[in-house]
Structure formats: structure tokens, C-alpha cells
1. Any residue that is closer than 19 Å to R55 by Cβ and among the β-branched types (V, I, T) - is there at least one of those in the stretch 167-178?
2. What's the total number of residues in the stretch 104-122 that are modelled with pLDDT under 80 and either surrounded by fewer than 18 Cβ atoms within 10 Å (Cβ to Cβ) or touching a Gly at 6+ places or on another chain (Cβ under 6 Å) (or both)?
3. Residue pairs, Cβ under 8 Å, 6 or more apart or interchain, first in the stretch 114-133 and of a type in the set (S, T, Y), second crowded, with 17+ Cβ neighbours inside 10 Å. List them.
4. Could you identify the single residue in G21, G17, G75, G94 that is surrounded by 16 or more Cβ atoms within 10 Å (Cβ to Cβ) and in contact with a Pro (Cβ under 8 Å, 6 or more places away or on another chain)?
5. Given the criterion in contact with a helix residue (DSSP H, G or I) (Cβ under 9 Å, 6 or more places away or on another chain) and among the acidic types (D, E), identify the matching residue among E88, E30, E38.
6. Can you say whether V69 is in contact with a Cys (Cβ under 7 Å, 6 or more places away or on another chain), aliphatic (A, V, I, L, M) and either more than 26 Å from L173 (Cα to Cα) or modelled with pLDDT of 95 or more (or both), as far as the supplied structure shows?
7. How many of the residues in the stretch 79-103 are assigned to a strand (DSSP E or B) and farther than 24 Å from D65 by Cβ?
8. Take the stretch 157-190 and flag every residue that is in contact with a helix residue (DSSP H, G or I) (Cβ under 8 Å, 6 or more places away or on another chain), at pLDDT below 95 and loosely packed, with under 15 Cβ neighbours inside 10 Å.
Amino acid sequence: MVIESKEGKARRSIAIGSVAGARFSSRDVEGMRKTLDEALARGESGTKTNPSIFRIARYLLTQSDEFEVQGPLTGGEAEIVAIRTGGELVITVGSDQCDRELDPLFQDKPKQMCPHPIAAVAWPYAEVRDHWDRLQIYSQVEVAGHVIPLQASPASELVDLEYLLAMAEVQALPDPMILYGGAVPPLDSAGATAEKLNLPELPTSGVGDAYLARLSDPVLGRSI
């Protein structure tokens, strides 16, 4: 991992102690709770707490540009990823990959069915803490040669990182700890674009031939 700070770049080797993800991380906690309760009432999968934390197997992490999956229904979600190593905290971007075929049936198993990409560059959290809400999360999926923007939202859509780090489940995770911080919702235009191009609805779930996730810092003028 390359730590890119205002002072320069430093390469760091990190021996992973644990990996986890946050789901249902909307900053509108009450609104998300209502949505989840309605889903549970319909017999669909959901959680009784939000945000909620789930574990990810350490061997699933990858920094490769390509990886293999089981079947065609694997989709990604761009997320801010925190790396806690003792007293140090850095952030980067990754994709919380999920098997969409299993997603309606299980809470955690779909996350364990495919690799989880994480970028090779990270920023010190201290450098973005004061403008956290202005960080931008973007993703796009490529399907049959067409590029469809999928996510484009500020970090203010989600509970902030310190909220997640203060959760008992996260505090208990052994360091070095990697935490996927939750996904912003897909753009409304994603489905319309797929329909216009006569593509299946799957691109709105990040399913396609290629996927790009980007974290941008408009204040310091940089991106990962």
C-alpha cells in the first residue's frame, strides 16, 4: 500500500488482521430503519440494526485489475475503505463485491462468494477529516462496450467514519483492520440508461464486464 500524504508518498506493507463491511450505512438512520422494517415484514432479508457490520474473509481482498468469479451475476459497489493499524488511520476506495443471485436469500454469504478489490493508494484520514462530507464516491460499469455511471454521491450520504469506528463490533476487530464503509445508492439514471441501450437491468447492481470505483477529494484536488 502506498500512503499518499501532503508530504509525499511512502510504501507500507500491511499484514491484515481482519476485514469487515458496513451495510445500510445511510446517514438517514431513521429512514433506513423504516425501509428495513418494511422489507422484514415482507419476509425479505434484512437486519435489525443499521448500520450493521459483517465480516469478510481476509483472503478475498485483492489489488488485482482482474479476478475470477462464479457465474455472471457478480456486482460491485464503490465504498470508502478505512485501514486501521494501531494508532494510524488511512482511507482508500474499494468495491464491496456481491453475488447478486444469492443476495435476496442471504445476508453474508453473497459477500463471501467473490474477491473484494481495494486500491493500492491510501490517504491519511487526518488530512480529510475536516472536509469528510465533501469527499466524492463514483463508480461506473461497462456492459457490452457501453459505460454506465452507477454511483456519484458525496460522503455526506453516509454515516461518517468515526460513527462506524465507534461501534462495538468494529472496535473489537483485530488490527490491522480493513473496513468497507457502506455504499451510496445507485444513480436513478443508471436504470434509464440501461433501458435506453436495451440492456438488462443488471448494470444497476454493478454487474457487467468491467467496473471502476473512484474516491475524489475536491478540496485537495486528488483522487484514487
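The values are calculated or read from the model by the stated rules, or taken from the named source; none is laboratory data. Everything quoted here is computed from the prediction, not taken from an experiment. Glycine also receives a Cβ, built like all others from the backbone with ideal geometry; neighbour counts cover every protein chain displayed.
1. Going through the stretch 167-178, the residues closer than 19 Å to R55 by Cβ turn out to be 167-178.
Retained after the next criterion (residues that are among the β-branched types (V, I, T)): 170, 178.
Yes - at least one qualifying residue is present in the stretch 167-178.
2. 6
3. Y125/A82; Y125/L89; Y125/V90; Y125/I91; Y125/L161
4. G94
5. The conditions single out E88.
6. Details: in contact with a Cys (Cβ under 7 Å, 6 or more places away or on another chain): yes; aliphatic (A, V, I, L, M): yes; either more than 26 Å from L173 (Cα to Cα) or modelled with pLDDT of 95 or more (or both): yes.
It is true that V69 is in contact with a Cys (Cβ under 7 Å, 6 or more places away or on another chain), aliphatic (A, V, I, L, M) and either more than 26 Å from L173 (Cα to Cα) or modelled with pLDDT of 95 or more (or both).
7. From the stretch 79-103, those assigned to a strand (DSSP E or B) are 79-85, 88-95, 98-99; that's our starting set.
Restricting the remaining residues to those that are farther than 24 Å from D65 by Cβ gives 84-85, 88-89.
Residues flagged as assigned to a strand (DSSP E or B) and farther than 24 Å from D65 by Cβ within the stretch 79-103 amount to 4.
8. If the condition is that a residue be in contact with a helix residue (DSSP H, G or I) (Cβ under 8 Å, 6 or more places away or on another chain), at pLDDT below 95 and loosely packed, with under 15 Cβ neighbours inside 10 Å, then P185 is the only one that fits.
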